[in-house]
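Visitor: Below is the structure I would like to discuss, written out as structure tokens.
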């Protein structure tokens, strides 16, 4: 356990304590907090960090709180906005959310005996003194627009109160948007190589799922939960996930060969606070596990052939009434008669109908698409499940959007978006999802649709006309979509899913009408959307060019001939010939023919992204074939 007293440390300065006097008093009372950092979020989800001595911050607090600190376009990802010749960007503190102290557990202050701390203040980015930009700004504006528009829609369609436990709009004090994420991640001892077969076998046998943690993993997990509770995020659970193998005790008496998948969960909060919480929590997790000699990865798919890490994102909506009651606006008035209220059905339909343009914010990396493949409970089909009956909550883990409800607890009703991963930009996921929800709610309420009518709409057959949803699509399934439908059927019924980042981002061009749902009140302006597209394409292309292609070449070189011509069988020779054919096709140029990797690089150099994307898919198929064959080949050798 820690060698210092957690109760003496400062972890949080809550939103209600952000007056200069209270901030100064807290910082003076905690001299171990030596620095302040203003944390801005760019369009790519990267946060800034700078060390301002705490005494300077206190002396010039009004200046820092009102004017922040200045950076430039080369320090943040804001293409087409903060260019090199127009790069002034200010980082301005957000005083309406909690501020967290980031503790350096490896650096203990001599005077206090406590770890040195940095007060991290979530902040907004301001370009050229006027334009607010970046991920936190987009989410803030999306929530403001959602609440304003929804309240107006409710006022104009009072029939909705026949389906809510509210008498009228005058009863509503305010609308509350709530969100939470489930964080999955892998931990391992440094330099250990994964044994895919052992991991896959353990996964199939469910040898690790929810098992008791041991050794340094147990200690680190317990410390993470204790520390995070000090931040006030209200931890709910920590447990082993499906992936992993049993750790071993080495000759030194310490555990080595650690390779385990974990999950931690905490309580919901407001949308922007939930995203801020998650951003900070990942730093705490990394720091504490590293103290125990363990590496942490938040990659969506760190190992091929083994379950990846998701980050299921939960989204809710409530009305706080003037009499103090809180009413879930997604819940049906009679939970035993209907699945959802008209607002709930409309929100769910809005996500599903507009998911083509939401998806680029959810799955924006090569790593994300490595996870989103059929199997391993990875949701690839745009479909939902309500449940086999109103009193039987859905447990279908193969759908994109799950309905979470408890017949005896209306406040629990919410939607679970299952496609995000730990490196997804939660700010933009929430912003795009709620804007898409608003589109569906507006259609449902303006059509004065009842829950029964909306249930019929979302349950419609393929080819059936609907007032809102598209004709040639199926939106609800209570079946296992991987087992009960072929790939061809899935593509036809639920829509063809993108296979690369490029195919995904092309939805902005392919679905201009759906893109308009993000542009209400300029929540996402055309230049914002262009900036995001430019950032994501550049990230995809750079990683493919400079990391994936070289790593694939390393894999090809690793797949070497292992049998001796004088001590082999025809089986070995045949498999090696197959392997070598793929190796040459992937990585060896000829005078009159370029290999697959070279063609990818050339296409990227010419900005021919369509060709590069198609070749990336072909490369992935060949790499899988190569690795599978090589495993079979090696197994037959003595």
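Visitor: For the chain, what proportion of DSSP beta bridges, expressed in % and rounded to the nearest 5, is antiparallel?
Guide: Looking only at bridges with both residues in the chain, the antiparallel portion is about 85 percent.
Visitor: Based on the alpha-carbon gyration tensor of region 476-606 and its eigenvalue square roots a ≥ b ≥ c, which shape applies: rounded if a/c is under 1.5, prolate if not and a/b is larger than b/c, or oblate? Walk me through the intermediate numbers first.
Guide: Values: a/c = 3.61, a/b = 1.71, b/c = 2.11.
Oblate is the answer for region 476-606, as a/c is 1.5 or above yet b/c matches or exceeds a/b.
Visitor: Just subtract the alpha-carbon distance of residue 605 and residue 634 from 0.36 nm times their residue separation and send over the number in nm, one decimal.
Guide: Numbers: separation 29, 0.36 × 29 = 10.44 nm, distance 3.67 nm.
Residue separation times 0.36 nm, minus the Cα-Cα distance, leaves 6.8 nm.
Visitor: Additional query: Treat the count of other C-beta atoms within 10 Å as a stand-in for reagent exposure and order 28, 520 from fewest to most.
Guide: Arranged by neighbour count, lowest to highest, 28, 520 become 28, 520.
Visitor: In nm, to one decimal, how far is the residue 236 label point from the residue 591 one, both placed 7 Å along Cα→Cβ?
Guide: 6.7
Visitor: Going by how many other beta carbons lie within 10 Å of each one, how would you line up 633, 571, 283, 355, fewest first? Please report the intermediate quantities before stating the final value.
Guide: Numbers: 633 20, 571 12, 283 15, 355 24.
Listing 633, 571, 283, 355 from fewest to most nearby Cβ atoms yields 571, 283, 633, 355.
Visitor: Subtract the Cα-Cα distance of residue 545 and residue 74 from 0.36 nm times their separation in residues, and report this length gain in nm to one decimal.
Guide: Details: separation 471, 0.36 × 471 = 169.56 nm, distance 2.13 nm.
Roughly 167.4 nm would be gained on extension.
Visitor: What full-extension length gain, to one decimal in nm, is calculated for residue 152 and residue 169 as 0.36 nm per residue of separation minus the Cα-Cα distance?
Guide: Values: separation 17, 0.36 × 17 = 6.12 nm, distance 0.96 nm.
Extra length available between residue 152 and residue 169 comes to 5.2 nm.
Visitor: Could you work out how far apart the two model spin labels at residue 336 and residue 553 are, taking each label as a point 7 Å from the Cα in the direction of the beta carbon, and quote it in nm?
Guide: Each label point is offset 7 Å from its Cα along the Cβ direction, giving 6.8 nm.
Visitor: Ok, one more. Using a basic spin-label model with each label point 7 Å from the Cα along Cα→Cβ, how many nm lie between residue 397 and residue 29?
Guide: 4.5
Visitor: Which order do peptides 340-349, 460-469 fall in by mean Cβ count within 10 Å, highest first?
Guide: 340-349, 460-469
Visitor: Which peptide among 29-41, 59-71 comes first, and what is the full order, when sorted by highest mean count of other Cβ atoms within 10 Å?
Guide: Working: 29-41: 21.9, 59-71: 14.9.
So the peptides 29-41, 59-71, ranked by packing, come out 29-41, 59-71.
Visitor: Tell me, 397, 490 in order of fewest to most beta-carbon neighbours within 10 Å? The partial results should precede the final answer.
Guide: Values: 397 14, 490 22.
Sorted ascending by nearby Cβ count, the order is 397, 490.
Visitor: May I pose another question? Counting only helical runs of four or more DSSP H residues, what would the 222 nm mean residue ellipticity of the chain come to if each run contributes -39,500 (n - 2.57) and the total is spread over all its residues? Kindly include the intermediate steps, with their values, before the conclusion.
Guide: Working: 21 runs with 250 residues, N = 638.
My calculation for the chain gives -12000 deg cm²/dmol from helical runs alone.
Visitor: Now for a separate question. Normalised by the residues of region 536-635, what does the relative contact order come to in percent, with Cα pairs under 8 Å and at least six apart? It would help to have the intermediate numbers written out before the result.
Guide: Details: 58 pairs, mean separation 30.3, N = 100.
Relative contact order, region 536-635: 30 percent.
Visitor: Please state the relative contact order of region 139-524 as a whole percent: Cα pairs under 8 Å, 6+ residues apart? Intermediate values should be presented prior to the final figure.
Guide: On the way: 747 pairs, mean separation 78.1, N = 386.
Relative contact order of region 139-524: 20 percent.
Visitor: How many angstrom lie between the C-alpha centres of region 275-289 and region 401-418?
Guide: Distance between centres, Cα-based: 26 Å.
Taken together, the values in this text are just the output of simple stated rules run on the coordinates, not laboratory data. On a predicted model such as this, the values are computed, not experimentally measured, just so you know. Here the Cβ is made from the backbone with ideal geometry for all residues, glycine too, and neighbour counts use every protein chain on show.
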